[in-house]
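Data block below; observations after.
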Amino acid sequence: EIKTPPRIVKLALGTDDSERKRAVERKELRVSIIPFACREMTQIEQDEGAFFHIKYIPGYIEWGVNRALTLLYKALEEKANIIIFPEFVCERGIQKAIQEELERLSWESPDKTAGLLLVIAGSRWDDGNNIADILGYDGTLLGRQYKYERFSKGENRADSLIENLKDPGKECTIVEIENVGNVMTGICRDIVAESYLARLTEIFTPQFLLVPAWSPSVYKGFKGQMERITARNF
């Protein structure tokens with residue numbers, strides 16, 4: 001079903017990356033999972049039939065950039081090694097702001113990102129796809145993850161909804177970190193439906209599976225599925 005196999009990208013750690021290497025050697029990584037906000041940020045736009053796409057509410061981008069950077073700083077203050085933003089919130093302008101700030105900090109204040117490894121810039125709705133950007137500690141775009149499994153609601157009903165993904169699963173990126181292993185990313189329903197991503201974990205046996213999601217049902221929607229994926233791998 002997938003035209004392109006996952007890309008495996010090695011996260012480079014330099015000789016002077018002592019804090020990052022210490023975190024890895026300790027086998028103790030701190031992960032910051034950012035809830036972001038409870039305010040309205042997106043709206044559903046109907047396409048043909050039950051299909052829909054996501055549109056960002058006017059004024060959200062300006063507010064979202066400030067919010068994203070504030071939370072990024074907070075996570076860095078808490079010495080996070082991995083930072084995950086949620087699904088949908090990282091519209092292109094917000095993703096770019098996060099990327100540029102990481103790049104600026106790595107040059108001007110490298111001590112603030114000394115222990116950081118990865119930032120998963122949630123996902124964004126962009127040109128008919130739901131895309132997560134995987135950023136290195138210095139803002140380098142390591143790769144992207146395209147959502148594969150469409151969100152659907154109320155199938156076979158008059159008010160049913162189906163996420164109108166143009167290129168589901170177009171890109172999948174696995175980040176290899178020395179002395180940690182493989183890190184994979186899935187987006188929301190990719191885990192809920194135990195789709196192709198669950199099958200890929202059986203092949204690539206990642207040590208981490210990071211899941212930005214837009215859902216209030218953590219236990220109902222993800223706990224059992226994650227336990228089954230884990231059981232098949234380890």
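Scanning the range 10-33 for residues that are β-branched (Val, Ile, Thr) and in contact with a helix residue (DSSP H, G or I) (Cβ under 8 Å, 6 or more places away or on another chain) turns up nothing.
The set of residues in the range 170-197 being open to solvent by less than 30 Å² (accessible area, probe 1.4 Å) and in a helix (DSSP H, G or I) consists of 190, 191, 196, 197. Each residue in the range 38-93 was checked for being under 18 Å from the mean Cα position of the chain (by Cα), of a type outside the set (Ser, Thr, Tyr) and farther than 28 Å from residue 113 by Cβ, and 1 pass. Tell me, which residue of the range 37-48 that is touching a residue at least 40 places away in the same chain (Cβ under 8 Å) and open to solvent by 40 Å² or more (accessible area, probe 1.4 Å) is farthest from residue 90 (Cα to Cα)? Looking at residues that are touching a residue at least 40 places away in the same chain (Cβ under 8 Å) and open to solvent by 40 Å² or more (accessible area, probe 1.4 Å), I get 47. Looking across the range 146-188, the residues that are of a type in the set (Ser, Thr, Tyr) and modelled with pLDDT under 90 come down to 152, 160. The residue list 80, 75, 132 contains one member that is closer than 28 Å to residue 48 by Cα, modelled with pLDDT of 95 or more and open to solvent by less than 50 Å² (accessible area, probe 1.4 Å), which is 132. Filtering the range 3-36 down to residues that are open to solvent by less than 100 Å² (accessible area, probe 1.4 Å) and touching a Pro at 6+ places or on another chain (Cβ under 9 Å), which residue is modelled with the highest pLDDT? Filtering the range 3-36 for residues that are open to solvent by less than 100 Å² (accessible area, probe 1.4 Å) and touching a Pro at 6+ places or on another chain (Cβ under 9 Å), the one modelled with the highest pLDDT comes out as 34. Checking residue 139 against (1) surrounded by fewer than 23 Cβ atoms within 10 Å (Cβ to Cβ); (2) at negative phi, only one condition comes out false. Which one? It is condition (2) that residue 139 fails.
The values are calculated or read from the model by the stated rules, or taken from the named source; none is laboratory data. Everything numeric in this text was worked out from a predicted model, so none of it was measured. Every residue, glycine as well, gets a Cβ built from its backbone with ideal geometry; the counts of neighbours run over all protein chains shown. Each accessible area value is taken on the protein alone, full model and side chains, heavy atoms only, with ligands, DNA and RNA left out. Shrake-Rupley method; radii C 1.70, N 1.55, O 1.52, S 1.80 Å.
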